[in-house]
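What follows is a set of notes on a single structure, which appears directly below.
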Amino acid sequence: MSEIPLSREQAAVFAAIEGTRQNVFVTGRAGTGKSTLLNHLSWNTSKQIVIAAPTGVAALNVGGQTIHSLFRLPIGVIADSPIDQNDQVRKLLNTIDTLVIDEVSMVNADLMDAIDRSLRQARQRPHDTFGGVQIVLFGDPYQLAPVPGGPEERAYFADHYRSMWFFDAKIWRDAELRIVELTEIHRQSDSDFKLMLNAVRHGQVTPEIGGALNAAGGRTPPTEGVITLATRNDSVNRINASALKRLSGKSLTAKADVTGDFGGRTFPADEVLELKVGAQVMFLRNDSPLDGGPRWVNGTIGTVTKVDSTVFVEVDGQTHEVEPAVWEKYKYTYNAATKKLRKDVVAEFTQFPLRLAWAVTIHKSQGATYERAVVDLGARVFSPGQTYVALSRLTSLDGLYLTRPLRPSDIIVDENVQRFMNIPPMEAPGLVPGVPGVPGA
C-alpha cells in the first residue's frame, strides 16, 4: 500500500497520540490532511487500536466499524437505559488501548456519554473516564453537524445538554480533551483563497471577501469537465439523468456484487451504475498504484471513452482503464488464542469506483477535491457549514462558478461550534490547551 508521507505538523500529532495516553481531538480546516494522518495512525500504531465512525459510509472510508455495531448500542437516545453487553463485546472492549472516532462532529452528546459508560462497564473500571481507554477524535465541526432526530429526541437534548454536539457530552466535565488544530492546508496553495475560505468557515465574511468570491464565481462555467455541487438530492439526480439522456449511444449498466451482511443500504457507490460513452464521472476513491503517483484521487473528474468488461475514463487527456474496486466492511472481534483484537472482513461491495458527476450533493462531496466546480446553493442554504464545505472542495478561486451570488444568509456557522472552537481551551471544563499546529504546547 502506497502511503502519503506526513508533514512535520502531522508527524508531531502522530507522535503525541502514539507516545501518550491523552485524549486528543484532531481538527483543522478542509484540506489540512486529517484523513492522511488517520490513515497513517491506522497502519503504523503499536497500540491495540479500534477505528469507529458514526455512519456506515464513513466507517467504510476509514476501514472501521460503526459506533453502534461496535458497542452494540441501540439507535436513538440511550440516556440512562441499561447497556446490554455479551461476553464477546466485553472481551473486545477490554482489549482496546485506543479508540479512534472519525467524523466525530456527527456524533451527538448522548452517544459520546454512552461510549464512556459502555467502556467503564465492560472494563469494570467505573471510576475511570472511558474505562481507561485513550480516545482520539477526528473531524471538523465547521463542516458536518449531528443529525437531530424527531421532536421527542430534540426535547431530550434541550432538557439534558447544552447542545447536541459531542463536545457538550457530560463526560468532558471529568475527562480532559486536548484540542490540536492542523493548520497547513494541502488542498489550496493560493493564500488569498485560503483567507477567504477561513472567513467563510468562521462566519467572518466581509463585503470585500463576498465581492471577490462573487466576482470570481460570476463567470460562465465551461461546458465540460466541471461538476455541480448542489444542496439537494433531487437537483443532483435531475441534472445527472438529463445529461446522461442527452448522450447518444446505448447505456450500459454495472450492477454491484455484494457479499456478506452490509446491514441496510449504506453502500459506498451506486448499486446499479448506468454509464454511456461521453458520461462525465467522478472517482470515488484514491488510486493506489504499486509504482508511480496516483492516476486519480477521490473527486477526480473524467469522461467515459469506452465501456467493456472494464471502463475506460479519460482524465486530463490521458485514458485510464478502470477496474471494479472492492470496499471491505470490517468487524472487530476478540481472539482468545492471541488475546488480541482481530479485524475481520464481514462483507464486500464490488463496483466501479465511479459515480455520474455532472452533479453531486455538497454532503457527498465531503473529502473530495475539485479543480473546477459550479456551486448551486439553490433558493437558500439550510444547514451550517454547507457553503464552507462546497467552496473548500476547490483547489483555487479560478475554479469557482456560482449559479447565483453568495448572500450573507448563506454563511451559517453554528453558535455552539463558535463557542467550543473559540474559547481558550483552559476555560472549558475538561479541555486542555493545544496551540493550533503545535502539539505538545
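Evaluate the Debye formula for the stretch 315-356 with equal point scatterers sitting on the alpha carbons, no solvent, and hand back log10 of I(q)/I(0) at q = 0.14, 0.16, 0.27 Å⁻¹, in q order, two decimals.
Here log10 of I(q) over I(0) equals -0.54, -0.61, -0.94.
Taking only the alpha-carbon atoms of the stretch 213-359, what semi-axes of the equivalent ellipsoid follow from 5 times the gyration tensor eigenvalues under a square root, in whole Å, largest first? Present the calculation step by step, with values, prior to reporting the outcome.
On the way: eigenvalues 215, 64, 60 Å².
Whole-Å semi-axes of the equivalent ellipsoid: 33, 18, 17.
Take the stretch 329-386, compute every pairwise Cα distance, and split them into 10 Å bins from 0; I just need the percent in each bin.
Using 10 Å bins, I get a P(r) of 15, 29, 21, 21, 12, 3 for the stretch 329-386.
Two decimals is fine: what is log10 I(q)/I(0) at q = 0.16 Å⁻¹ for the stretch 278-431, from a Debye sum with one equal scatterer on every Cα and no solvent?
Reported log10 I(q)/I(0), two decimals: -1.01.
How big is Rg to Rh over the stretch 172-258, alpha-carbon atoms, Rh as the Kirkwood inverse-mean-distance radius?
Computed over Cα atoms, the ratio is 1.14.
Tell me, rounded to the nearest percent, the portion of alpha carbon pairs in the stretch 1-86 spaced more than 14 Å apart.
Across the stretch 1-86, Cα pairs with separations above 14 Å total 71 percent.
Which value in Å is the Kirkwood Rh of the stretch 368-412 over different Cα pairs? Mind showing how you got there, number by number?
Working: mean 1/r = 0.0926 Å⁻¹.
For the stretch 368-412, the Kirkwood estimate is 10.8 Å.
In whole percent, what relative contact order does the stretch 8-186 give with Cα contacts below 8 Å and a gap of six or more residues?
That works out to 33 percent.
Kindly provide the pair-distance distribution of the stretch 112-229 built from C-alpha pairs, with 10 Å bins from 0 and whole-percent values in order of increasing distance.
10, 25, 27, 20, 13, 4, 0
In whole Å and largest first, what semi-axes does the C-alpha gyration tensor of the stretch 74-115 yield when each eigenvalue is scaled by 5 and square-rooted?
One finds semi-axes of 19, 17, 7 Å for the stretch 74-115.
Would you mind telling me the share, in percent, of accessible area of the chain contributed by carbon and sulfur at probe 1.4 angstrom?
50
For the stretch 8-186, go through all pairs of different Cα atoms, get the mean of 1/r, take its inverse, and jot down that Kirkwood value in Å.
16.6
Find how many whole Å separate the alpha carbon centroid of the stretch 59-130 from the alpha carbon centroid of the stretch 176-214.
One Cα centre to the other: 34 Å.
Over 20 Å intervals from 0, what percent of Cα-Cα pairs in the chain sits in each interval?
24, 57, 19, 0
Rounded to the nearest 20 debye, what is the charge dipole size of the chain about its Cα centre when +1 sits on each Lys and Arg Cβ and -1 on each Asp and Glu Cβ?
Once rounded to the nearest 20, the dipole reads 340 debye.
Which of Asn108, Asn44, Asn23 moves the most in a Gaussian network model of the chain with Cα springs under 10 Å?
Ranking Asn108, Asn44, Asn23 by mean-square fluctuation puts Asn44 first.
The values are calculated or read from the model by the stated rules, or taken from the named source; none is laboratory data. Treat the numbers as computed from the prediction; the structure is a model and nothing was measured. Please note: Cβ atoms are built from the backbone with ideal geometry, for glycine as well, and neighbour counts cover all protein chains shown. Accessible surface areas use protein heavy atoms only, side chains included; no ligands, DNA or RNA. Shrake-Rupley method; radii C 1.70, N 1.55, O 1.52, S 1.80 Å.
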